[in-house]
Structure formats: structure tokens, C-alpha cells
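A.B. asks: This is the structure I want to talk about, given as C-alpha cells.
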Amino acid sequence: MTIISLAGVTKTFDSGYTALRDVNLDVAPERFVALVGPSGCGKSTTLSLISGLDRPTSGAITVRGKPVGGITDGVGFLFQRDALLPWKTVRDNVLLPLQLRGVGGEEARSRVAEWIGRVGLRGFEQSFPYQLSGGMRKRVALAQTLVYNPEILLMDEPFAALDVQTRNLMEAELLTLWQGSRKTVIFVTHDLEEAIALADEVVVMTAGPGRVKARYDVTLPRPRDIEQVRFDPRFTELYSQMWNDLRDEVLESYARANAAG
């Protein structure tokens with residue numbers, strides 16, 4: 001079964017830059033898929049096309065078997081920079097997506113309280129974003145995205161700006177939440193270790209225009225300990241195989257950037 005399908009997808013922007021060319025990618029339900037590749041290979045563009053925030057130049061994208069022709073229902077999008085409203089409290093920021101969907105009353109209050117608790121922010125309901133650390137803001141953004149129970153979760157380098165310790169904590173939190181819900185996740189990252197530690201499958205993309213170069217099943221058992229899994233011999237083996245594919249694309253991207261400079 002396939003929940004997300006890209007068939008021959010190309011995306012060329014008005015500037016003339018082609019971010020993606022002839023991308024074919026099928027994603028099964030409840031899979032955690034990580035996209036890795038050098039800067040400019042179209043990873044973020046792929047998420048925008050799946051979500052319906054942008055449209056391909058050519059090719060077809062379907063979600064649940066239906067063509068994407070606008071904002072895709074049942075999709076949550078977690079960006080690298082959070083979209084919290086600075087004048088709203090934690091509680092009101094998490095409540096906002098439910099209000100926009102017409103959910104109110106006791107159901108909304110219950111769901112907001114549940115998700116604030118699940119991301120470890122009970123006691124901070126009345127705090128404003130400026131009063132929170134970077135990791136806490138990411139927790140609010142995660143609760144804000146998951147409170148309306150999207151079937152598909154698109155994540156664009158959501159932890160890139162965090163320090164290493166906080167990043168590991170957020171990765172572990174994400175895995176715990178995902179393993180309890182089994183949502184379909186597409187996770188964009190530049191960090192190959194992060195991709196392997198989190199995902200069921202890692203998709204390596206070429207230097208732009210991006211295409212799918214290789215796909216790897218991550219055979220590490222679940223549930224996973226984010227810190228300990230990196231010491232598993234299978235982790236090292238997978239990393240070596242994937243890096244062999246990714247290294248050439250990173251070098252190609254650097255060479256192009258230097259030539260252009």
C-alpha cells in the first residue's frame with residue numbers, strides 16, 4: 001500500500017532554478033522516512049509539494065490515492081523555525097489549530113491539556129514563547145502540530161537549530177510520540193546519523209536538481225534508544241553504506257558552489 005506517491009515530479013521555479021527532476025517516490029503508511037542530501041537538492045521542496053503549499057511543474061503527486069491540488073488534508077508540517085505566535089501563551093498556541101478547524105469546548109481543552117502533558121510542558125501553560133528555551137519552543141511546536149491528529153507528519157530539519165543535548169532529547173521524544181501513534185512521517189535532515197537513528201527508511205537524493213539516488217531500509221530494531229543505537233554495529237554498517245552514496249553528491253554540490261563563486 002502507498003499513502004504518498006510522487007511520479008515523475010519536476011519542480012522548476014520562476015527564477016529558472018530546477019530543484020527536482022523526475023522524482024519517483026512511494027511511501028507506505030505508518031513509515032518513518034528520512035530524506036538526506038546536499039543543500040539545494042530539493043528536500044524541502046518535496047515537503048512543500050506533498051503538503052500542497054506548492055505545485056510541481058510536471059509529474060503527479062497523490063496522497064491517499066487522490067491528486068494533490070491544494071492544501072492536503074490530514075497533513076501536519078513542522079518547520080525548521082517554529083511558527084509560534086509571540087503574543088499567545090503555550091496553551092493558546094497549541095489551541096490555535098483546533099480553533100481554526102472549528103473544534104472547541106471541552107474536547108479542545110482536553111486535547112490541548114493532553115498534548116502539553118505529552119511533550120513535557122505541564123506547568124508552562126501560561127508561559128509566552130519568549131520565556132521558553134529553544135527546546136521548549138520545539139515541544140510547543142510539536143504539540144501544536146500533533147494536537148489535531150494529522151495522519152501524515154512532514155518535518156523540515158525541525159531540530160537543526162538546537163544544541164546537541166537538547167536535540168537528542170527531542171529526537172527521543174519524537175520517537176516515543178511516533179511509536180505511540182504510528183503516523184506516516186517524512187523527515188528532512190542534513191544529519192545522516194539522525195536519519196538512521198530515527199527512520200525506517202533513508203532516501204538519499206542527488207545534488208540538485210534532486211532525484212532519488214538510493215533507498216535504504218533501516219533494519220535496527222524498535223523501540224530504539226537514540227543514544228545507544230549509535231553504538232550498534234549495524235548502525236555503523238548502514239552509515240558507511242549510505243555515506244558512500246551521499247559523499248559523492250555532497251562533493252558535487254560543493255564543486256558547483258565553488259565554480260559559481
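A.B. asks: Where in segment 1-98 are the strands (runs of 3 or more DSSP E), entirely inside, with at least 1 residues that are out of contact with any helix residue (DSSP H, G or I) (no Cβ under 7 Å at 6 or more places or on another chain)?
C.D. replies: Passing ranges, in order: 4-12, 18-27, 32-36, 58-63.
A.B. asks: Right, here's the next one. Six or more apart or on different chains, Cβ atoms under 8 Å: show the pairs whose first residue is in segment 236-254 and of a type in the set (Val, Ile, Thr) and whose second is at pLDDT 90 or above.
C.D. replies: If the second residue must be at pLDDT 90 or above, the pairs left are Val250/Pro38; Val250/Ala207.
A.B. asks: Within the bounds of segment 165-177, is there any residue that is in contact with a strand residue (DSSP E or B) (Cβ under 6 Å, 6 or more places away or on another chain), open to solvent by less than 10 Å² (accessible area, probe 1.4 Å) and not assigned by TED's automatic domain parsing to the domain that holds Gly135?
C.D. replies: No, segment 165-177 contains no residue that is in contact with a strand residue (DSSP E or B) (Cβ under 6 Å, 6 or more places away or on another chain), open to solvent by less than 10 Å² (accessible area, probe 1.4 Å) and not assigned by TED's automatic domain parsing to the domain that holds Gly135.
A.B. asks: For segment 130-164, give me each residue that is among the β-branched types (Val, Ile, Thr) and surrounded by 18 or more Cβ atoms within 10 Å (Cβ to Cβ).
C.D. replies: Scanning segment 130-164 gives Val140, Thr145, Val147, Ile152.
A.B. asks: Which number in (1) touching a Ser or Thr at 6+ places or on another chain (Cβ under 6 Å); (2) open to solvent by less than 40 Å² (accessible area, probe 1.4 Å); (3) not small (Gly, Ala, Ser) marks the one condition that Lys213 misses?
C.D. replies: If we test Lys213 against (1) touching a Ser or Thr at 6+ places or on another chain (Cβ under 6 Å); (2) open to solvent by less than 40 Å² (accessible area, probe 1.4 Å); (3) not small (Gly, Ala, Ser), just (2) comes out false.
A.B. asks: Just to be sure before I move on: is Glu194 touching a helix residue (DSSP H, G or I) at 6+ places or on another chain (Cβ under 7 Å), under 28 Å from Pro233 (Cα atoms), buried (at least 17 other Cβ atoms within 10 Å of the Cβ) and not hydrophobic (A, V, I, L, M, F, W, C) in the structure I sent?
C.D. replies: The answer is yes for Glu194.
A.B. asks: If the requirement is being in contact (Cβ under 8 Å) with a residue 12 or more places away in the chain and exposed (fewer than 15 other Cβ atoms within 10 Å of the Cβ), which of these qualifies: Pro223, Pro233?
C.D. replies: That would be Pro223, the only listed residue that is in contact (Cβ under 8 Å) with a residue 12 or more places away in the chain and exposed (fewer than 15 other Cβ atoms within 10 Å of the Cβ).
The values are calculated or read from the model by the stated rules, or taken from the named source; none is laboratory data. If you're wondering where the values come from, they're calculated on a predicted model, not measured in any experiment. All Cβ positions, glycine included, derive from the backbone under ideal geometry; neighbour counts span all protein chains shown. All accessible areas refer to the heavy atoms of the entire protein, side chains included, with ligands and DNA or RNA removed. Shrake-Rupley method; radii C 1.70, N 1.55, O 1.52, S 1.80 Å.
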